[in-house]
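The values are calculated or read from the model by the stated rules, or taken from the named source; none is laboratory data. Since we're looking at a predicted model, the values are computed, not measured. Cβ: placed from backbone, ideal geometry, glycine included. Neighbour counts: every protein chain shown.
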Amino acid sequence: MKKANWVLLTLGIILFSFDTSWAQLNSQHAVGGRFGSATGFSYRYTLADDRAAEGILSIQSNSKSRRFRLIGLYQYHKPLAENFTWFYGFGGSIGSFRYKDVVTEVQDPTNGSVTRTVTHNNSELALSIEGIVGIEYAIPTTPLSVSLDVKPYFDFLQESSIRLIDPFGLTIRYKF
């Protein structure tokens, strides 16, 4: 029985040391664009072979609201296959949230005149806790990489809601 424990321990040490010996992040800096429900710019700084800090400046707009956010994420990168890694991380964001102005037109039935009312909405502070899970492909022989991720977040102020499906993103980065 002791021999089986030693074999399992040795095998586990070999597997874990092999996993950490792969270099996942082969460049110090990466800058690019993030596209999806929120569009913006991304900058990633490599802290170690398997860890990075990423900043995202995003703008999101729909028919009812507009959102601007500065997001900070701490990420862990793990190898999947040659040129493929998967990553996960956490962080937070700060920004502004604004419902768009509402225009209401009412026609007076007696004289046909139209009264137009514009309701202006003020910007509000936006604070969130962020998470991220995704995969990245480093294109061989080029300094480019492409990643696909899901970035769920929890808003603290506006609606205090969790967004799990909404924030899919495709990021194209230039590594240097």
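The table that follows gives values for the structure above.
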| read-out | value |
| --- | --- |
| Search result, residues across region 46-64 that are surrounded by 15 or more Cβ atoms within 10 Å (Cβ to Cβ), within 22 Å of Ile129 (Cβ to Cβ) and over 14 Å from the mean Cα position of the chain (by Cα) | Arg51 |
| Residue within region 87-105 that is of a type outside the set (Ser, Thr, Tyr), in a strand (DSSP E or B) and closer than 15 Å to Ser147 by Cβ present | yes |
| Meets criteria (within 19 Å of Tyr153 (Cα to Cα) and loosely packed, with under 15 Cβ neighbours inside 10 Å) for Phe68 | no |
| Residue within region 129-140 that is of a type in the set (A, V, I, L, M) and either closer than 15 Å to Asn26 by Cβ or part of a loop (DSSP other than H, G, I, E, B) (or both) present | yes |
| Pairs, first under 23 Å from Ile56 (Cβ atoms) in region 93-115, second at pLDDT 85 or above and among the acidic types (Asp, Glu), C-beta under 9 Å, six or more apart | Ser93/Glu130 |
| In region 32-53, the residues that are in contact (Cβ under 8 Å) with a residue 60 or more places away in the chain and in a strand (DSSP E or B) | Gly32, Gly33, Arg34, Phe35, Gly36, Ser42, Arg44 |
| Filter pass, Asn111 being in contact with a Phe, Trp or Tyr (Cβ under 6 Å, 6 or more places away or on another chain) and polar (S, T, N, Q) | no |
| Flag for Ser27 being of a type outside the set (D, E, K, R), modelled with pLDDT of 90 or more and surrounded by 14 or more Cβ atoms within 10 Å (Cβ to Cβ) | no |
| Residues (loosely packed, with under 13 Cβ neighbours inside 10 Å and closer than 21 Å to Arg69 by Cα) located in region 95-119 | Asp101 |
| Given (1) hydrophobic (A, V, I, L, M, F, W, C); (2) at pLDDT 90 or above; (3) touching a Leu at 6+ places or on another chain (Cβ under 9 Å), index of the condition Ala81 fails | (3) |
